[in-house]
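Since the structure comes first, as structure tokens, the remarks are kept for the end.
The values are calculated or read from the model by the stated rules, or taken from the named source; none is laboratory data. Computed from a prediction, not measured in an experiment: that's the story for all the values here. Don't worry about glycine lacking a Cβ; one is built from the backbone with ideal geometry, like all the others, and counts go over all protein chains shown.
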């Protein structure tokens, strides 16, 4: 095979990346343009709500109810725009040698209060011999927290969330499992779980899991889901260990 055998594919991939970057830039600009008039609408709805705060007549109460509907829809649209801007953001991850277990522990501490309030028992099985991995710590923590919040929402009556880490059998990566005892997903939902704008939640933007997958893939990893309706869901994240880090002492520099 000649050195330039893959050049055509490389050119195509570069063109696709350039097109995606341009589309993301334009979409981000459009979202920002929408946010400006939306902020004006929200402000005026707040002022109208104040005017009708002491509504006495049936007509005034009906007007206040309509204002509140618009406020709720504005809040929902604001959330969708924020999620979209996060998803569309093109940012090269700032990868640093990190301890996966330490990053998980930080997120678990942050999530602890919400878990107690939702009556969720969090159980962690963090392997002690994990090799060091490269992480953009802020981005990875955000992705992990999003998965935990998804699990919490899938267990409205409480339940159990297991967080488990292990080294891959081949030794070239690490594995993170998040297993909940929630409502689970049917086959159709599993198939489209990571699709942008796909959501089974009322008012959901459908960008949370899509953004999470984008973050994991930016780390050179992949995320998979297994689920059964009525029994729960398992998300599995697989992250690579660069060869030079694989030779280091387990749980190396953070």
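Can we say residue 54 is modelled with pLDDT of 80 or more, touching a helix residue (DSSP H, G or I) at 6+ places or on another chain (Cβ under 9 Å) and either exposed (fewer than 11 other Cβ atoms within 10 Å of the Cβ) or not in a helix (DSSP H, G or I) (or both)? In short, yes.
Screening residue 205 on (1) buried (at least 21 other Cβ atoms within 10 Å of the Cβ); (2) at pLDDT below 90; (3) under 20 Å from residue 165 (Cα atoms) shows it passes everything except condition (3). The residues listed here are 138, 117; of these, the one that is in the same structural domain as residue 220 (by TED's automatic domain parsing), over 14 Å from the mean Cα position of the chain (by Cα), over 18 Å from residue 233 (Cβ atoms) and surrounded by fewer than 16 Cβ atoms within 10 Å (Cβ to Cβ) is 117. None of 109, 76, 92 is in a helix (DSSP H, G or I) and surrounded by fewer than 14 Cβ atoms within 10 Å (Cβ to Cβ) except 109.
Within segment 83-97, the presence of at least one residue that is under 24 Å from the mean Cα position of the chain (by Cα) and closer than 25 Å to residue 182 by Cα is confirmed. Scanning segment 161-176 for residues that are surrounded by fewer than 17 Cβ atoms within 10 Å (Cβ to Cβ) and either in contact (Cβ under 8 Å) with a residue 24 or more places away in the chain or within 16 Å of the chain's Cα centre (by Cα) (or both) yields 166, 168, 171, 172.
Whether a residue is under 26 Å from residue 96 (Cα atoms), under 19 Å from the mean Cα position of the chain (by Cα) and surrounded by 21 or more Cβ atoms within 10 Å (Cβ to Cβ) was assessed, and residue 144 passes this test. Selection within segment 96-106: residues that are touching a strand residue (DSSP E or B) at 6+ places or on another chain (Cβ under 9 Å) and touching a residue at least 24 places away in the same chain (Cβ under 8 Å). The member of this set that is nearest to residue 242 (Cα to Cα) is 97.
Here is a check on your reading of the model: is residue 143 closer than 17 Å to residue 222 by Cα and in a helix (DSSP H, G or I)? For residue 143, the condition - closer than 17 Å to residue 222 by Cα and in a helix (DSSP H, G or I) - is met.
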